[in-house]
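Engineer: My questions all concern the structure below.
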Amino acid sequence: MHTQDKPSVVLICHEQDRLDTEGLASWLASTARLAGLIIIRDPRSRRWRAARREIRRVGWLRFLDVIAFRAYARLRLARRDRAWTTSEIERLRRRYPADLASVPRIIVSTPNANEAREFLEQLRPDLAVARCKIILKPAIFAIPRVGTFVLHPGICPEYRNAHGCFWALVRRDLGRVGMTLLRVDPGIDTGPIFL
């Protein structure tokens, strides 16, 4: 299939998620025409706002429990996780070789920024694939001709929140641990499910 025959795709993902910025991007470039990358660089202010929101939601004690787990994960698990991630990315890059350096990209603090909208309008992709933790506004998700699709970590509609896989594991609902491909609509994880 010639490059012109393949649908054009824009990937929206977070900068620190190498499995997306490199692995998923390589796969997309091998199966479609990867027209662009919208890379989200999370500002520290967003992290502080999220922390304050979480403290209000669960209280200091439970928030400190989360911080303790994150410290444990960084001290005890991070090296093994990084090694696995690096190995997996290398495997994906070998299987789906792509010249990602030549793909146009923009770095934004939010995919809803005017710069991201202008970038999408300029590229006019057939579709967008979102792997981000930010709710997309209609001004963004409506631009791609076919639509914008999200790879949601959890099986929808049963596990629609941001921690769907975690809750499926907690409930020992192992048949519901996975991802859902759904089309973005004005609701939150409410669009038509494709996979």
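Conditions tested, residue by residue: (1) at positive phi; (2) modelled with pLDDT of 90 or more; (3) assigned to a helix (DSSP H, G or I); (4) loosely packed, with under 14 Cβ neighbours inside 10 Å.
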residue: Leu11; (1), (2), (3), (4): no, yes, no, no
residue: Leu24; (1), (2), (3), (4): no, yes, yes, no
residue: Ser30; (1), (2), (3), (4): no, yes, yes, no
residue: Ile39; (1), (2), (3), (4): no, yes, no, no
residue: Arg49; (1), (2), (3), (4): no, no, yes, yes
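Engineer: Here's another thing I want to ask about it. Based on this model, can you work out whether Ala128 counts as surrounded by 14 or more Cβ atoms within 10 Å (Cβ to Cβ), part of a strand (DSSP E or B), of a type in the set (Gly, Ala, Ser) and modelled with pLDDT of 95 or more?
Structural biologist: Criteria met by Ala128.
Residue-wise test of (1) in contact with a Ser or Thr (Cβ under 8 Å, 6 or more places away or on another chain); (2) in contact (Cβ under 8 Å) with a residue 60 or more places away in the chain; (3) not basic (Lys, Arg).
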residue	(1), (2), (3)
Arg79	no, no, no
Trp84	no, no, yes
Ser87	no, no, yes
Val103	no, yes, yes
Leu120	no, yes, yes
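Engineer: Looking at Glu90, Glu54, Glu118, which is the one that is within 25 Å of Pro7 (Cβ to Cβ) and either surrounded by 12 or more Cβ atoms within 10 Å (Cβ to Cβ) or assigned by TED's automatic domain parsing to the domain that holds Ile12 (or both)?
Structural biologist: Being within 25 Å of Pro7 (Cβ to Cβ) and either surrounded by 12 or more Cβ atoms within 10 Å (Cβ to Cβ) or assigned by TED's automatic domain parsing to the domain that holds Ile12 (or both) holds for just one of Glu90, Glu54, Glu118, which is Glu118.
Engineer: Provide a single number: the residues in the range 12-34 that are over 20 Å from Asp81 (Cβ atoms) and of a type in the set (Val, Ile, Thr).
Structural biologist: The number of residues fulfilling the criteria is 2.
Engineer: Let me ask something else about it. It is to be established whether one or more residues within the range 144-156 are surrounded by fewer than 20 Cβ atoms within 10 Å (Cβ to Cβ), farther than 20 Å from Arg33 by Cβ, assigned by TED's automatic domain parsing to the domain that holds Leu24 and at pLDDT 95 or above.
Structural biologist: Checking the range 144-156: not a single residue is surrounded by fewer than 20 Cβ atoms within 10 Å (Cβ to Cβ), farther than 20 Å from Arg33 by Cβ, assigned by TED's automatic domain parsing to the domain that holds Leu24 and at pLDDT 95 or above.
Engineer: Checking Ile107 against (1) in contact (Cβ under 8 Å) with a residue 12 or more places away in the chain; (2) assigned to a helix (DSSP H, G or I); (3) not small (Gly, Ala, Ser), which test does it fail?
Structural biologist: All conditions pass for Ile107, except number (2).
The values are calculated or read from the model by the stated rules, or taken from the named source; none is laboratory data. Here the structure is a predicted model, which is why all the values come from computation and not from measurement. Reconstructed Cβ throughout: ideal geometry from the backbone, glycine too, with neighbour counts over all protein chains shown.
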